[in-house]
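What follows is a set of notes on a single structure, which appears directly below.
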Amino acid sequence: MKRDCLTLKDLTKDEILHLIDTAVEIKKKIKNGENYEPLSGTILGMIFEKSSTRTRLSFESGMKRLGGEAIFLSSRDIQLGRGESIEDSAQVISRYVDIIMIRTFEHSRIMKFAQYSSVPVINALTDLLHPCQVLSDLMTIKEHFGRLNDLKIAFIGDGNNMANSWIYAAAILGLNLTVAAPIDLSPSGIVIKESMEIAKNTNADITLTQIPYEAALNADVIYTDVWASMGQEEQTVRKHSLLKHYQINSELVKDANRDYIFMHCLPAHRGEEVSADIIDGEHSIVWDEAENRTYAQAAVILKLLGRD
Ligand code: CP
Ligand code: NVA
């Protein structure tokens, strides 16, 4: 039976940990210039209903570096964007490629697509979740600290698709996560409920607060994301007003751990969710984080195709 990765819940804890190790191995092989082409003969279809720089490039370059091919499909150009149904699009597109990634709006769209696709489907961001980003982030944290446990991870800002994905990651892997978001911009209630259930078995320590300082205090990882996500442009003024005290700046991080790292999925808006001195400063690892998308996603593809 084909497997999808629409949410981190599609993977077990052991699979996620193995995937991170695979990603590190892939990175080593690519950096060493080894001839490593496990995706030779494999075609990835990439459907984008929203903009992208990192996701598009990292999937495409990852496929090419590992011997495969990628086909970019903008919804502006394919019939899906002109009203062809998701059901028909999924059945047709999956006849031409071996695996598909989709970036779209409502999470229900990708769920329906996956239901009708005969090949594995990867979530490359929905309004609800961005699992590929968190997998790359976990790899980056492991690379930096050598571990994922015994670290306080703080997500500060909008309770958006990144916050939701972090909550699932913490629950499944048993991590220590504090999310600070305004009450009106809390993460998804369903994600929180499900994660708290999962956390009972994994000893995850998940705290939700409205106080950014509480999250930043003694944090090892400080993470933020844009205040208005793609598709929420009309909410920009409201969100900026609700989030104005959630900016990651030198005052907020003053009591973080001395060796804390700053992370951001990017694109960033300096002066909004993060000050320039923090994102461009010595604690920031955002460029490594962006680079690691390539390796973590290649590991996801190998996993779903049963070649890991
Ligand atoms: N972080 C991320 O997914 O970036 P893009 O929107 O550029 O793909
Ligand atoms: N929360 C952001 C993430 C971008 C990678 C968005 O959905 O636009």
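Per 10 Å bin from zero, what fraction in whole % of the C-alpha pairs of the stretch 227-305 is there, up to the bin with the longest pair?
Result returned by the calculation: 16, 37, 30, 15, 2.
Setting aside same-chain residues fewer than 8 positions from Lys112, which aspartates and glutamates have a Cα under 16 Å from its Cα?
Within reach: Asp4, Asp10, Glu49, Glu84, Glu87, Asp88, Asp127.
What is the gain in length, in nm to one decimal, between Met1 and Thr209 on full extension, counting 0.36 nm per residue of separation less the C-alpha to C-alpha distance?
Length gained between Met1 and Thr209: 70.8 nm.
Pull out the extension gain between Asp277 and Ser108, defined as 0.36 nm times the separation in residues minus the alpha carbon to alpha carbon distance; nm, one decimal.
57.0 nm
Convex hull volume of the Cα atoms in the stretch 110-153, per residue, in Å³? Don't jump to the answer; show the numbers that get you there.
Numbers: hull volume 4.2 nm³, N = 44.
That works out to 96 Å³ per residue.
State the extension gain, in nm to one decimal, for the chain segment bounded by Asp288 and Thr236, taking 0.36 nm per residue of separation less the distance between their alpha-carbons.
Result: 15.9 nm gained on full extension.
Are any of the pairs Lys31/Lys142; Lys64/Lys142; Lys13/Lys200; Lys50/Lys152; Lys152/Lys200; Lys2/Lys64 more than 21 Å apart by Cα-Cα distance, and if so, which?
Over 21 Å Cα-Cα: Lys64/Lys142; Lys50/Lys152; Lys2/Lys64.
Values in this text are rule-based calculations from the coordinates and carry no lab data. Quantities reported herein were computed from a predicted structural model and do not represent experimental measurements.
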